[in-house]
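In what follows, a structure is listed as structure tokens, so that the remarks can point back to it.
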Amino acid sequence: MNDQNRDNFCYLLGLNPFREDRYEQADIVKAIDSRKSKWESATKANRGGSKAVYTAYVCLDLVPEMRRVMDNKVLRHNEFEDARKILRAKASRLIRSSVVFRNGAISICPSAIRNLMKAVAWENVEEDTLIEASGISNTPLPRVVDAQVINCFEALNDIGLWHPYDFVNRIISIPSLAVEANTLDEFSSYDDFRGSFKTVYNRLSSVSPGKVRNQDAYINVGRSLNLVQTDEQIGSLIAYCRCRLSLKPVLTMMDDDSGQPFDHGYIDNIIDTFVSGRDLDEDLAVYILEDYCLRKGYPANFSGKDSGLAVCPSCTAMIPSSDSLFFCPVCGSPVRTMCPVCGKIQAAGNRNCSGCGSNLSESRTEAEKMDSRVRSYISVGEVESAKNQLSDLKAKYPRYGQNEELSDLVSSTDGRLACIRSRVSEDSIARNLYDLKTCVEESLSDFPDLLSDGEIRNRYDEACSKVSEADALCVQAASKSGEEATELYIRASAICPDHPDAVSQLKGRPPEGPADASAEARSDCVILRYAVPEERRGMTFCIYRGSGAYPEVDQSTVPLAETDRGAFSDNTPDPGIAYFYRIYSKRWGVLSREYAECGPAMVVREVTNVTITPVEDGFVIRYLVPSGCTRVRVWRKEGGTPAGEGEETEIADTGSGVFEDHGLRGGQVYSYLFVAEYEYDGDVERSLGTVFNCETPLYPDPVDDMVIRWNKEDGTYTARWSRTERVDLYCSQKRPQMFGRTASLEDLGRWMSKIVPLETFAGGCTFALEPGSAVYVYPVIPVGETGVRGTESLVANLRPFRDVEKKLDGGDCLLTATWPDGAGEAVILINGADDDPSAEKVTVTREEYEQKGYVRVPMKGASRRTISMFAVYDVEGERMRSIGISTDVWSGTYRKVAYSLRSDPVKGENGRMRVHVRIECQGAVSVPRCVMVLVPEGIPLKMNDGEIVWESEDPMVLKDGRYEGDFVLEKDRSALDRMRPFFPRKEDYSRFRFVHPLRRL
């Protein structure tokens, strides 16, 4: 880039940067000279302090640099390129003043181009250049309505009409014209219109001027309509008129909102509100809006794509506001970046990530360095180092943009290295030492550290040694002839079987091939036997295998195995696959022309991993389907004799490895024979079969009389039943789908939770449940691995109300409590048990409670009432209550209790005083227990303010309305004015209140 502190020379000289090829060097020199003269004239103007004079002096100072740059071909081209970027940035603003059609094409509003031309003020830059610089393919709006139709609508609209039928009816309605024609309505045909219009038009044409008001306007409409008379034109006009009428408020609204661009959300709302559902041509309505915006110069987006724009911070060009745009398409500067740590896309100028707070510059720099190290390791074949570095990069910068590419690069390089290792191993086994040596040496350019692998190094060293020995023998053989040369080549081949010189010389003397091959398939292998040639010195035998067909073999084919024996055991066959074999002789690295072949041979496997689980009236049988098996056939026989030996029943099997066999007798032994079948080319191979025996159990009757009671003392539950067998309890919050009375204990353990009893006894147990739970409890009698399921009971240990508070209100009691989650109602029983029909019941919904904030308990004149408060839940459609919370409530009416205190010395005990207490309560038989509290100073206001020095009987029985008691204290602790009685039980204050005597001050 050129110096950004000066104006671009193309701009100063009035050169069009997009027409660089038009300017010769002489043209540019001429432009510089012309501008220099102009600037010199400006400096001589009388306004010496004006901006124009200052600018002229600045430009004159640039002339030498201008000549230097524009005289150099490279610098001149760079100056033009910079000018193009400047102009592209300025022209990019045209997108803000464009209409994006529904089909995605863009048309620039003509007024926007003219305005930008004035703002840019770049001499010799035309409108076409600005459009080219903007990168917008300026597409004219395709016309979908005939011009005559539009002209006809405009004429109708000039006289306030929105339909051609309305024009005909208006003219007919003018009395002075006396037109004799039929009026039109929405059901009139196009022929009706043409007939009436012809009469109307002829009458208008024959009327003398000035006879009818607006006569000229009517004649103009008639002339326009006279040109629109085909069915297609009339239909198009009516559709256009209906759309324009429906869009009339829209166009006014767009005029009012013209200060903002109309995005696709704004346009979609217009279509949904004013077009959709009104039997209008939506495409025509959109065309009308597109044309209106274009003519009025309103930027609008009718496509479904986002039209958001952003400003490039470097060149100020308008660019798409998209998270997928990372570089400015005008100047190439970064505009967005992705944090390599958290992956958040954000402005490129951010110092710290707005997502995770990491330093973006430092993170990118370090990630790029780690990226470079990965690629560097790959370039020298250090795959393990590259893997480790890539692992570190992903761990530290998991959202780095090149991670996926680096993973592919490392993976492909690792795959190539694995192929090289595999080829070296195969060559070593097949004794293709020359190929091994060549492979390693060709790979060293990509993997310089390949020989640091000890195994490859040993094999390579061996291959080099053998190839060197074979080279020496081949060199000797080349100087010999006849049998002597042949013997040397044979020796070379024995050392390095694939040495090219030895192979080329000996390939004309291939060994005799084997014969009479046979294949015997066993349970896990195929045994091959073949006749070897009589002369077999230095000969080996190569075994080749094909699946489904004989293998194609040439000198480069890698054999399954190579042996020097006349038999071979193939221990790697997959069951169910038909294998075909070819056996070649090999000597001196040359394969025989003849070969022996055998096949097909197929290994069949027996059915294994059979489990037979007893159920209510039979078995559930599971087994492992052998690999490659077409089907498994199963026979069942009753009794101890194996199935298949006498009468048996074949069982229909789904082939899924599990089936159920029902309808069997209890206490009987059954035998099952499993046979695996394999199909190939229409033939079926069967395994010998495996036999499994199992006895059906005799199940006891299920537990159907279980009763569960709640133990109020400790909140546990006791379950009882009449069965004598061992019974386990299982529970589940939902009733599981179970069929029949029996199920495997394993399945029961998956479906439900086993209850661990707190205590067991004959015919029952005690257990506990989690608070707030409602569960189904199932009694299960275990029989081996099967459970006999009894009838379930629904047990609810639902959360009760907590923090119950009482408040008196007008003789009634108001209850408040902490409402447990999930409870929908509260039931309050008053002075009775749950099963007492005479008990008074109050029911309050949660909504009612939340509205009032309390539950009102009517006292009905009683001073005390006992209530039990239950929370009610909906458990799978059944209303269930929680444990009840019981308490006494009081009406607030109480009896006054008067008391008096006096003291006198205790005879014979100096320093001790006897305090006499008298308590009186009119109308009462007894008064609850009370205590006397003494404080060191002042008056006790609460029971725990001081020391309890006396406690009465419980209750205090009154005689003649009074109770008397006494107690002894030390004299210094017997101050009566520092004593007061209190009721220890809070609820006693609901019935009795102390009346304290006045103390003299």
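The values are calculated or read from the model by the stated rules, or taken from the named source; none is laboratory data. As the structure is a prediction and not an experimental result, all values here were calculated from the model. Cβ atoms come from the backbone with ideal geometry, glycine included; neighbour counts cover every protein chain shown. The protein model used for the area step is the full one, side chains on, heavy atoms only, and it has no ligands, DNA or RNA in it. Shrake-Rupley method; radii C 1.70, N 1.55, O 1.52, S 1.80 Å.
A quick yes/no check of all residues on (1) within 30 Å of residue 802 (Cβ to Cβ); (2) surrounded by fewer than 18 Cβ atoms within 10 Å (Cβ to Cβ); (3) polar (S, T, N, Q):
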{"residue": "867", "(1), (2), (3)": "yes, no, no"}
{"residue": "873", "(1), (2), (3)": "yes, no, no"}
{"residue": "888", "(1), (2), (3)": "yes, yes, no"}
{"residue": "914", "(1), (2), (3)": "no, yes, no"}
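Every condition in (1) farther than 21 Å from residue 286 by Cβ; (2) hydrophobic (A, V, I, L, M, F, W, C); (3) touching a Phe, Trp or Tyr at 6+ places or on another chain (Cβ under 9 Å); (4) outside the structural domain of residue 270 (by the TED database) is met by residue 74 except one, and the failing one is (3).
Given the residues 724, 760, 766, which is the only one that is outside any strand (DSSP E or B), among the polar types (S, T, N, Q) and not assigned by the TED database to the domain that holds residue 621? Steps first, answer last, please.
Values: 760 fails: outside any strand (DSSP E or B); 766 fails: outside any strand (DSSP E or B).
Residue meeting the stated conditions: 724.
Going through 764, 740, 787 one at a time, which residue ends up being in contact (Cβ under 8 Å) with a residue 40 or more places away in the chain, touching a Leu at 6+ places or on another chain (Cβ under 7 Å) and among the small types (Gly, Ala, Ser)?
On the way: 764 fails: touching a Leu at 6+ places or on another chain (Cβ under 7 Å); 740 fails: touching a Leu at 6+ places or on another chain (Cβ under 7 Å).
One residue alone meets the criteria, 787.
Selection of first residues in segment 336-355 that are closer than 15 Å to residue 396 by Cα and open to solvent by 50 Å² or more (accessible area, probe 1.4 Å) and of second residues that are assigned to a strand (DSSP E or B) and at pLDDT 85 or above, restricted to Cβ pairs under 8 Å at least 6 apart or on distinct chains, gives an empty result.
Does residue 877 qualify as being crowded, with 16+ Cβ neighbours inside 10 Å, in the same structural domain as residue 826 (by the TED database), at pLDDT below 80 and more than 21 Å from residue 992 (Cβ to Cβ)? Considered against the rule, which asks whether it is crowded, with 16+ Cβ neighbours inside 10 Å, in the same structural domain as residue 826 (by the TED database), at pLDDT below 80 and more than 21 Å from residue 992 (Cβ to Cβ), residue 877 comes out as no.
Only one of these is closer than 26 Å to residue 556 by Cβ, modelled with pLDDT under 90 and surrounded by 13 or more Cβ atoms within 10 Å (Cβ to Cβ): 435, 427. Name it.
427
Looking across segment 831-874, the residues that are at pLDDT 75 or above and acidic (Asp, Glu) come down to 840, 847, 848, 850, 874. The set of residues in segment 805-820 being in contact (Cβ under 8 Å) with a residue 24 or more places away in the chain and either part of a loop (DSSP other than H, G, I, E, B) or open to solvent by less than 40 Å² (accessible area, probe 1.4 Å) (or both) consists of 811, 812, 813, 814, 815, 817, 819, 820. Screening residue 483 against (1) at pLDDT 90 or above; (2) surrounded by fewer than 13 Cβ atoms within 10 Å (Cβ to Cβ) leaves a single unmet condition, (1). Here segment 693-708 is the region considered, the condition is being assigned to a strand (DSSP E or B) and modelled with pLDDT of 90 or more, and the residue that is most open to solvent (accessible area, probe 1.4 Å) is 707.
For residue 599, are the conditions met, namely being in a loop (DSSP other than H, G, I, E, B) and open to solvent by 30 Å² or more (accessible area, probe 1.4 Å)? Criteria not met by residue 599. For the residues 719, 762, the requirement of being open to solvent by less than 70 Å² (accessible area, probe 1.4 Å) and aliphatic (A, V, I, L, M) singles out 719.
If a residue has to be of a type in the set (Val, Ile, Thr), under 15 Å from residue 236 (Cβ atoms) and either outside any helix (DSSP H, G or I) or open to solvent by 30 Å² or more (accessible area, probe 1.4 Å) (or both) to count, how many in segment 133-149 make the cut?
Taking segment 133-149 and keeping what is of a type in the set (Val, Ile, Thr), we get 136, 139, 144-145, 149.
From what's left, under 15 Å from residue 236 (Cβ atoms): 144-145, 149.
When the remaining residues are screened for being either outside any helix (DSSP H, G or I) or open to solvent by 30 Å² or more (accessible area, probe 1.4 Å) (or both), the result is 144-145.
Qualifying residue count for the region: 2.
Can you confirm whether segment 374-392 contains a residue that is under 11 Å from residue 340 (Cα atoms) and open to solvent by less than 20 Å² (accessible area, probe 1.4 Å)? No - not one qualifying residue is present in segment 374-392. Return the residues of segment 405-421 that are closer than 12 Å to residue 386 by Cβ and either in the same structural domain as residue 451 (by the TED database) or among the hydrophobic types (A, V, I, L, M, F, W, C) (or both); say none if nothing qualifies. Listed by number, the residues that qualify are 406, 409, 410, 417.
Whether any residue in segment 636-644 is more than 30 Å from residue 498 (Cα to Cα), of a type outside the set (Phe, Trp, Tyr) and in contact (Cβ under 8 Å) with a residue 60 or more places away in the chain is what I want to check.
Taking segment 636-644 and keeping what is more than 30 Å from residue 498 (Cα to Cα), we get 636-644.
Narrowing the set further to residues that are of a type outside the set (Phe, Trp, Tyr) leaves 636-644.
Still in the list and also in contact (Cβ under 8 Å) with a residue 60 or more places away in the chain: none.
No; the residues of segment 636-644 include none that is more than 30 Å from residue 498 (Cα to Cα), of a type outside the set (Phe, Trp, Tyr) and in contact (Cβ under 8 Å) with a residue 60 or more places away in the chain.
Of the candidates 517, 472, the single residue that is under 30 Å from residue 603 (Cβ atoms), open to solvent by less than 80 Å² (accessible area, probe 1.4 Å) and out of contact with any Ser or Thr (no Cβ under 6 Å at 6 or more places or on another chain) is 517. In this structure, residue 322 does satisfy being at pLDDT below 85, in a loop (DSSP other than H, G, I, E, B) and in contact with an Asp or Glu (Cβ under 8 Å, 6 or more places away or on another chain). For the residues 111, 92, the requirement of being within 30 Å of residue 301 (Cα to Cα), open to solvent by 40 Å² or more (accessible area, probe 1.4 Å), assigned to a helix (DSSP H, G or I) and small (Gly, Ala, Ser) singles out 111.
Does residue 974 satisfy the condition of being small (Gly, Ala, Ser) and more than 30 Å from residue 858 (Cα to Cα)? Yes: the conditions hold for residue 974. Only residues that are within 13 Å of residue 100 (Cα to Cα), at pLDDT 85 or above and among the charged types (D, E, K, R) were counted across segment 284-311, and they come to 2. Looking across 743, 774, one residue alone is hydrophobic (A, V, I, L, M, F, W, C), part of a strand (DSSP E or B) and within 23 Å of residue 612 (Cα to Cα). It is 743.
A residue that is out of contact with any helix residue (DSSP H, G or I) (no Cβ under 8 Å at 6 or more places or on another chain) and farther than 30 Å from residue 227 by Cβ occurs somewhere in segment 84-95.
Checking 488, 506, 473, 528 one by one, the residue that is within 30 Å of residue 686 (Cβ to Cβ) and among the hydrophobic types (A, V, I, L, M, F, W, C) is 528 and no other. Regarding segment 404-417, can at least one residue be identified that is over 20 Å from residue 440 (Cβ atoms), hydroxyl-bearing (Ser, Thr, Tyr) and open to solvent by 70 Å² or more (accessible area, probe 1.4 Å)? Within segment 404-417, one or more residues are over 20 Å from residue 440 (Cβ atoms), hydroxyl-bearing (Ser, Thr, Tyr) and open to solvent by 70 Å² or more (accessible area, probe 1.4 Å). Scanning segment 969-986 for residues that are in a loop (DSSP other than H, G, I, E, B) and open to solvent by 40 Å² or more (accessible area, probe 1.4 Å) turns up 984, 985. Residues that are open to solvent by less than 10 Å² (accessible area, probe 1.4 Å) and at pLDDT below 85 within segment 765-794 comprise just one, 786.
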